[in-house]
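For reference, the structure is listed below as structure tokens.
The values are calculated or read from the model by the stated rules, or taken from the named source; none is laboratory data. Keep in mind it's a predicted model, so treat the numbers as computed, not measured. Because the Cβ atoms are built from the backbone with ideal geometry, glycine has one as well, and the counts that use them run over all protein chains shown. Note: areas computed on protein heavy atoms with side chains; ligands, DNA, RNA excluded. Shrake-Rupley method; radii C 1.70, N 1.55, O 1.52, S 1.80 Å.
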Amino acid sequence: MDFTFTEEQQAATEAARAVFSGVAPDGVPSPALVPGAVAEDIDRPLWAGLAAGDLLSLTLSPEHGGAGLDLVALCLVLRESARALARVPLLETCAVAMALQRYGDEGLAAELLPRVGRGELVLTVGANGRSGHDPAELAVTARREAPATSNRPGEGPGDAPGDADADTAGWVLDGVQSGVPWAQAADWIAVPAHTGEGRAVVALIRPTHVGVTLAEQVSTSGELFAEVRLDSVRIDSRALIDTAGAWEWLRALLTTGTCALALGLGEAVLAMTSEYTGKREQFGFPVATFQSVAVQAADRYIDLRAMEVTLWQAAWRISTGADGALPAEGDIAVAKIWASDGVRRVVQTAQHLHGGFGADTDYPLHRFHAWAKQIELSLGPAAAHEEALGDLLAAHLLG
């Protein structure tokens, strides 16, 4: 198996390192010290830097001003972003843009995607449903609406690509998506929904759209999230992606990208732990030379390598559509199992080996711990993914 990255993928990694090198992981107040969110907005200077470095257009096709790279390249960049705890919706924006490019209306894609690549638009997605436990698409209903004879008060035809006008058959959305990352900073929100026939679709709405209400929520990492409530929100047909498999593909991108964030964060934490234990002395020797410390660090290194290999396997299956003994969902489940459990074990060991410094709010490790817990919650428990993997194995007998 060849894990060598292409020259383009390596160049994307180097560009990402240059952009993220100036980001301080503790550049905003600690979530332990503020009652609400650590900040009201994303890191706009960093967002501009990502656009200037052509990293927001990395996976866009050349016709939309992008480099045409794949999910593997995006995961390499996400890995670097997590090492700096970058406060930007890089994953959400790129994943939604990729889904729009692959499955969405060509006119809408041509209108929005070049602006996304230039950093002019921020995209996000509601992938948690109402509670985070049930499938996200079940939290919102989408029903088709026949052409109306007039617009509702205050609306005019063509106000924006998502507005249903008098001459266009559209869709009506009702429901709630909870825990939507940085929704207040987004220009467009991708909302999974289900139709009366039970199909999963993806709607693109604006936070300012009539019938959309945002309620503030604060993530475990201290970031500003939102509950997005939809009350008879009308959009035209081109703002709804109803191609079979579109939501499942977008969800796979989000999941695999989150595994990349877990890997990058874990690698940064293990590096911090190595540096600390190499300097901290007991009985005249660095604690890193003690067998018990070295064994724990070695176990976490093994976790990270397992997280890495399963991540690239999943990203490769999604990018290439290659056949395997199991569907790509099996590789994604394995990646989630290692990422969810692995990132937790890495930060727990780091806290233990740092002693009191791990909980000191003047030291950045506690921020990494909060982000790791948020990632773990986003991925869900490893036991659930093991059960899903077992179902796949039962349905696709090997040998």
- Item | Distance histogram in 10 Å bins (all Cα pairs of region 240-319, percent per bin) | 16, 33, 22, 16, 9, 4, 1
- Can you send over the carbon and sulfur percentage of the accessible area for region 342-390, probe radius 1.4 Å, protein chains only? 57
- Consider all pairwise Cα distances in region 272-399 and report the whole-number % of them above 20 Å. 55
- Task: Taking the Cα centre of the chain as origin, sum charge times position over the Cβ atoms of Lys and Arg (+1) and Asp and Glu (-1), and report the length of that vector in debye to the nearest 20.
- Result: 740
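Determine the share of region 1-142's accessible area contributed by carbon and sulfur atoms, expressed in whole percent, with a 1.4 angstrom probe.
Details: 3070 of 6130 Å².
Answer for region 1-142: carbon and sulfur cover 50 percent of the accessible area.
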- Expected field for His209, accessible surface area in Å² at 1.4 Å probe radius, rounded to 10, holds 10
- Message: Let's see if you can work this out: charge +1 on each Lys and Arg Cβ, -1 on each Asp and Glu Cβ, no other charges. What is the dipole magnitude of region 11-123 about its Cα centre, in debye to the nearest 20?
- Response: 280
- Message: What's the whole-number percent of alpha carbon pairs in the chain lying beyond 38 angstrom?
- Response: 20
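Which loop GluC sites (Glu not before Pro) in region 54-133, with loop taken from DSSP, have no more than 15 other Cβ atoms within 10 angstrom of their Cβ? Can you show the working numbers first?
On the way: sites: Glu63, Glu80, Glu92, Glu106, Glu111, Glu120; in loops: Glu120.
Of the GluC sites (Glu not before Pro), the ones in loops of region 54-133 whose Cβ has at most 15 other Cβ atoms within 10 Å are Glu120.
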- Query: Based on the alpha carbon coordinates of region 340-399, what radius of gyration and maximum Cα-Cα distance (Dmax) apply, in Å?
  - Reply: 16.4, 55
- Any chance you could look up the accessible area of Lys336 with a 1.4 Å probe, heavy atoms only, rounded to 10 Å²? 40
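Can you tell me, using C-alpha contacts under 8 Å and at least 6 residues apart, the relative contact order of the chain as a whole percent? Write down the numbers at each step before the final one.
Working: 752 pairs, mean separation 61.7, N = 399.
Relative contact order of the chain: 15 percent.
Give me the 1.4 Å probe accessible area per residue for the chain, excluding ligands and nucleic acids, in Å². List each step's numbers first, then the result.
Numbers: 17280 Å² over 399 residues.
With the other protein chains kept in place, the chain gives 43 Å² per residue.
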